[in-house]
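Q: I'd like to ask some things about the structure below.
The values are calculated or read from the model by the stated rules, or taken from the named source; none is laboratory data. What you are looking at is a predicted structure, and each value in this text was computed from that prediction instead of being measured. Methodologically, a virtual Cβ is constructed for each residue, glycine included, from the backbone with ideal geometry; neighbour enumeration extends over all protein chains shown.
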Amino acid sequence: MSLNEHALDLPLFSDLPLRAELLAVVDELGYTRPSPIQAEAITPLVEGRDLLGQAATGTGKTAAFALPMLERLTDLRPARERGAAPFGLILAPTRELALQVSEAVTRYGARLHTRVLTVYGGAPVGPQLKGLHQGVDVVVATPGRAIDLMNRGALKLQDLEMVVLDEADEMLDMGFVEEIETLLDATPDTRQVVLFSATMPRRIETLAQKYLREPVTVRIAREEAVEGEAPQVRQTAYLVPRTHTTAALGRVLEAERPKAAIVFCRTRLDVDAVTETLTGRGLRAEALHGGMDQEHRTRVVERLRSGRTELLVATDVAARGLDIDLLTHVVNHDVPQSSEAYVHRIGRVGRAGREGVAITLAPPSKVYALRNVERLTGQTIEMAPVPTAADLRAARLERTREALRAELETGTPDATDGVDAMIAGLAEDFDPAHVAAAAIRLMTAAAGSPDDGEDIPVVSAPRSGARDARGPRETRGRGGAAGTRAPKAGTTRLFVNAGRASGVRPQDIVGALANESNLTGRDIGAIQIHERHALVEIPEHAADDVLRSLRGTTTLKGRRANVRRDRGFAGAGAGHRD
Ligand code: AMP
């Protein structure tokens, strides 16, 4: 550990009570320091305390509970003494989050041979029963399926040491309070309980008072999210449909004119295609291949350093270990697979106080991934449309103007080259301003078009997902007309035979669909709650899968409800009215 870090009073992972196998994984993942929530939560959790944490996704909360869980598991239950009953249970509101958490626990526990199982609704129960029967250490579950498996006697909670409620406010919003209480009631009194929630409404406090004993409380605002290694660099994402990414990249580089940039691509094939396109546009780009030997790489970097090349196009693997301190720009041809990869890549610019620019080409579907990066780094990524051909022309004109001004101000006239005499001659017949304009136009034409003229559609960021916005959207059916309101293009409507009269709220429907099918909260569109039925918009392409998963029914407010395609929408006449 460096003196500097001590001086700044920033804890290191090695200061935390975690065993070497966990520290090694954390190091491999490139985490340099614990995030604030990790710094505060890990020690009390390893000591066995209950914890109430207010922290949103992106603060590093998963590692904050997963690392202590793995530490305690290894401590309290050596591998050879492990039986079938789980040590830890993590409850998460959606299948999506359950999978994400379970992936993280598996990753962190890789060196400790931890058996992790994810169970959620909508998937066949058979493999989950088998998994539980074979024995697991940590179960990550959505509440509905956990209850189901407990009732079948497959999920045994009697030996449980630790329960985590992740995104507890979401679970309550989805109507899972009874399931959570039933599960907690079935665990031994001695278990440790950890409750994480992005918000702290009274219902969460009540739940905490009932189940947590003298909990440590930790509150982390979003701004204090994991610092990562991201330096202060200007970060911009250009939104572009996937098929136009390379064309857009050309334009962005034209506009930015980096002195020395690295362009990251996903695959080696992309590296070749992108290099070719950029070279075709007159940019000096070179591919960096994984197959190149060290000497060859050094030569390429040398060409970048001396200005003979301005762009290196590479995969993450090919760029590994390169000394590229001189970079001014990092460009992501594709959104990196993980937030860590993004942070690593952009860590290559802005070193030693230099200014740096990070550019990402992103299809609108990846905006959420960039929002996660923002939360992780606490830094803003500006979303911008791809520059138009007109923008490029304007930028080029601006550069010409600056160059001319510099020449006029500082250049030394050279009477011998004949230019002055030529201008004087032309000025006898033409307005000198016209002469200058014609000269610039000729020069611009000689330099070629700055753009290939490809039409790049303008796209905008999608609205944020349901898990970000508190509570799902609802268009209440007021009067008869609401029932016939047409859904958006590309979506279809499901009819659910339960409504306001049964106490059904939009969040109940989101919860049921997200828990029992492949849909995430983000996929679900407008919801109309009527007296005895509800209408839910979902993407047309997902409809068959959803109906198959639900097998025509779902549980809403403890009662079975039928779900089918909305016939009113399918063209059978007027919609349903209450
Ligand atoms: P979470 O809030 O748990 O969803 O974590 C957000 C992201 O931060 C995940 O991609 C983690 O892998 C990453 N992360 C967690 N802890 C750290 C850390 N100490 N340093 C860097 N990245 C981290």
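Q: Taking segment 388-428 only, how many residues are among the hydroxyl-bearing types (Ser, Thr, Tyr) and not in a helix (DSSP H, G or I)?
A: Initial filter on segment 388-428 (among the hydroxyl-bearing types (Ser, Thr, Tyr)): 388, 400, 410, 412, 416.
The next check asks that each one be not in a helix (DSSP H, G or I); those that pass are 388, 412.
Of the residues in segment 388-428, 2 are among the hydroxyl-bearing types (Ser, Thr, Tyr) and not in a helix (DSSP H, G or I).
Q: Out of all the residues in segment 56-67, which are modelled with pLDDT under 95 and more than 7 Å from the ligand (Cβ to nearest atom)?
A: Result: ALA56, single match.
Q: Which of the residues belonging to segment 153-201 are under 14 Å from PHE65 (Cβ atoms) and in a loop (DSSP other than H, G, I, E, B)? Let's see the steps before the verdict.
A: Applying the first criterion (under 14 Å from PHE65 (Cβ atoms)) to segment 153-201 yields 161-168, 191-197.
Result: GLU161, ASP166, GLU167, ARG191.
Q: Can I ask one more? I'd like the residue in segment 21-66 that is small (Gly, Ala, Ser) and farther than 17 Å from VAL218 by Cβ and, out of all such residues, is surrounded by the most Cβ atoms within 10 Å (Cβ to Cβ). Walk me through how you get there before you give the answer.
A: So in segment 21-66, the residues small (Gly, Ala, Ser) come out as 24, 30, 35, 39, 41, 48, 53, 55-56, 58, 60, 63-64, 66.
Those left that are additionally farther than 17 Å from VAL218 by Cβ: 24, 30.
On the way: ALA24: 12, GLY30: 14.
Ranking the qualifying residues of segment 21-66, first place goes to GLY30.
Q: I'm trying to understand the selection: among the residues of segment 281-296, which are touching a residue at least 24 places away in the same chain (Cβ under 8 Å) and not in a strand (DSSP E or B)?
A: Just the residues of segment 281-296 that are touching a residue at least 24 places away in the same chain (Cβ under 8 Å), to begin with: 281-290, 292.
Answer for segment 281-296, where residues must be touching a residue at least 24 places away in the same chain (Cβ under 8 Å) and not in a strand (DSSP E or B): ARG281, GLY282, LEU283, ARG284, HIS289, GLY290, MET292.
Q: In segment 12-26, which residues are part of a helix (DSSP H, G or I) and either modelled with pLDDT under 95 or touching a helix residue (DSSP H, G or I) at 6+ places or on another chain (Cβ under 7 Å) (or both)? First the steps, then the outcome.
A: Applying the first criterion (part of a helix (DSSP H, G or I)) to segment 12-26 yields 13-15, 20-26.
Passing the criteria: PHE13, SER14, ASP15, GLU21, LEU22, LEU23, ALA24, VAL25, VAL26.
Q: Please go through segment 366-385 and give me each residue that is more than 14 Å from ASN332 (Cβ to Cβ), assigned to a loop (DSSP other than H, G, I, E, B) and either polar (S, T, N, Q) or at pLDDT 85 or above (or both), ordered by number.
A: GLN379, THR380 - these are the residues of segment 366-385 that are more than 14 Å from ASN332 (Cβ to Cβ), assigned to a loop (DSSP other than H, G, I, E, B) and either polar (S, T, N, Q) or at pLDDT 85 or above (or both).
Q: Would you mind stating whether ILE509 is modelled with pLDDT of 80 or more and within 30 Å of MET200 (Cβ to Cβ)?
A: On the way: modelled with pLDDT of 80 or more: yes; within 30 Å of MET200 (Cβ to Cβ): yes.
Answer is yes for this residue.
Q: Next question. Scanning segment 67-88 for residues that are aliphatic (A, V, I, L, M) and in contact with a Lys or Arg (Cβ under 9 Å, 6 or more places away or on another chain), which turns out surrounded by the fewest Cβ atoms within 10 Å (Cβ to Cβ)?
A: So in segment 67-88, the residues aliphatic (A, V, I, L, M) come out as 67, 69-70, 73, 76, 79, 84-85.
Subsequent filtering for residues that are in contact with a Lys or Arg (Cβ under 9 Å, 6 or more places away or on another chain) retains 70, 73, 84-85.
Numbers: LEU70: 29, LEU73: 23, ALA84: 13, ALA85: 16.
Out of the qualifying residues, it is ALA84.
Q: Can you name every residue in segment 221-275 that is within 16 Å of the ligand (Cβ to nearest atom) and either at pLDDT 85 or above or surrounded by fewer than 24 Cβ atoms within 10 Å (Cβ to Cβ) (or both)? I'd like the intermediate steps shown before the answer.
A: Of segment 221-275, the ones within 16 Å of the ligand (Cβ to nearest atom) are 221-231.
Selection gives ALA221, ARG222, GLU223, GLU224, GLU227, GLU229, ALA230, PRO231.
Q: Same structure, new question: Going by what's in this entry, would THR553 be described as hydroxyl-bearing (Ser, Thr, Tyr) and free of Cβ contacts under 8 Å to residues at least 24 places away in the same chain?
A: Values: hydroxyl-bearing (Ser, Thr, Tyr): yes; free of Cβ contacts under 8 Å to residues at least 24 places away in the same chain: yes.
Criteria met by THR553.
Q: Quick test of your reading of the structure: LEU73 fulfils all but one of (1) in contact with a strand residue (DSSP E or B) (Cβ under 8 Å, 6 or more places away or on another chain); (2) outside any helix (DSSP H, G or I); (3) away from the ligand (no atom under 16 Å from the Cβ). Name the failing condition by number.
A: Tallying (1) in contact with a strand residue (DSSP E or B) (Cβ under 8 Å, 6 or more places away or on another chain); (2) outside any helix (DSSP H, G or I); (3) away from the ligand (no atom under 16 Å from the Cβ), LEU73 fails exactly one: (2).
Q: Which residue is modelled with the highest pLDDT, if the candidates are limited to segment 294-347 and must be of a type in the set (Asp, Glu) and within 23 Å of the chain's Cα centre (by Cα)?
A: First pass over segment 294-347, keeping only residues of a type in the set (Asp, Glu): 295, 302, 310, 316, 323, 325, 334, 340.
If we keep only those that are within 23 Å of the chain's Cα centre (by Cα) as well, we get 316, 334, 340.
On the way: ASP316: 80, ASP334: 91, GLU340: 76.
For segment 294-347, the residue satisfying everything is ASP334.
Q: Filtering segment 364-374 down to residues that are in contact (Cβ under 8 Å) with a residue 40 or more places away in the chain and closer than 21 Å to HIS244 by Cα, which residue is surrounded by the fewest Cβ atoms within 10 Å (Cβ to Cβ)?
A: SER365
Q: Quick check on segment 434-453. Is at least one of its residues out of contact with any Pro (no Cβ under 9 Å at 6 or more places or on another chain), more than 23 Å from ALA395 (Cβ to Cβ) and at pLDDT 60 or above?
A: For segment 434-453, residues out of contact with any Pro (no Cβ under 9 Å at 6 or more places or on another chain), more than 23 Å from ALA395 (Cβ to Cβ) and at pLDDT 60 or above: present.
Q: Hey, another quick one. Quick one: which strands (runs of 3 or more DSSP E) sit completely within segment 491-539 and have at least 3 residues that are within 15 Å of ALA561 (Cα to Cα)?
A: Working: elements: 491-496, 527-529, 534-539.
Fully inside segment 491-539 and qualifying: 491-496, 534-539.
Q: Find all pairs meeting these conditions: Cβ atoms under 7 angstrom apart; at least six residues apart or on different chains; first residue within segment 27-54 and assigned to a helix (DSSP H, G or I); second residue charged (D, E, K, R).
A: As it stands, the answer is PRO36/GLU224; ILE37/LYS61; VAL46/GLU71; VAL46/ARG72, since those pairs meet every condition given.
Q: Taking segment 19-55, which residues are within 11 Å of the ligand (Cβ to nearest atom) and among the charged types (D, E, K, R)?
A: Correct list: ASP27, ARG33.
Q: Here is a further query. Give the residue, chosen from THR400, THR377, THR388, THR416, that is out of contact with any Cys (no Cβ under 9 Å at 6 or more places or on another chain) and surrounded by fewer than 11 Cβ atoms within 10 Å (Cβ to Cβ).
A: On the way: THR400 fails: surrounded by fewer than 11 Cβ atoms within 10 Å (Cβ to Cβ); THR377 fails: surrounded by fewer than 11 Cβ atoms within 10 Å (Cβ to Cβ); THR388 fails: surrounded by fewer than 11 Cβ atoms within 10 Å (Cβ to Cβ).
Going through THR400, THR377, THR388, THR416 in turn, just one is out of contact with any Cys (no Cβ under 9 Å at 6 or more places or on another chain) and surrounded by fewer than 11 Cβ atoms within 10 Å (Cβ to Cβ): THR416.
Q: Check off (1) surrounded by fewer than 21 Cβ atoms within 10 Å (Cβ to Cβ); (2) at pLDDT below 90 for PRO215 and give me the number that stays unchecked.
A: Here PRO215 clears every test but (2).
Q: Anything in segment 110-138 that is in contact (Cβ under 8 Å) with a residue 40 or more places away in the chain and over 23 Å from THR554 (Cβ atoms)? List them, or say none.
A: ALA110, ARG111, LEU112, THR114, LEU132, HIS133, GLN134, GLY135, VAL136, ASP137, VAL138
Q: Do the conditions hold for GLY350, that is, is it modelled with pLDDT of 80 or more, over 21 Å from THR246 (Cβ atoms), buried (at least 17 other Cβ atoms within 10 Å of the Cβ) and more than 13 Å from the ligand (Cβ to nearest atom)?
A: Details: modelled with pLDDT of 80 or more: no; over 21 Å from THR246 (Cβ atoms): yes; buried (at least 17 other Cβ atoms within 10 Å of the Cβ): yes; more than 13 Å from the ligand (Cβ to nearest atom): yes.
No; evaluated as a whole, the condition is false for this residue.
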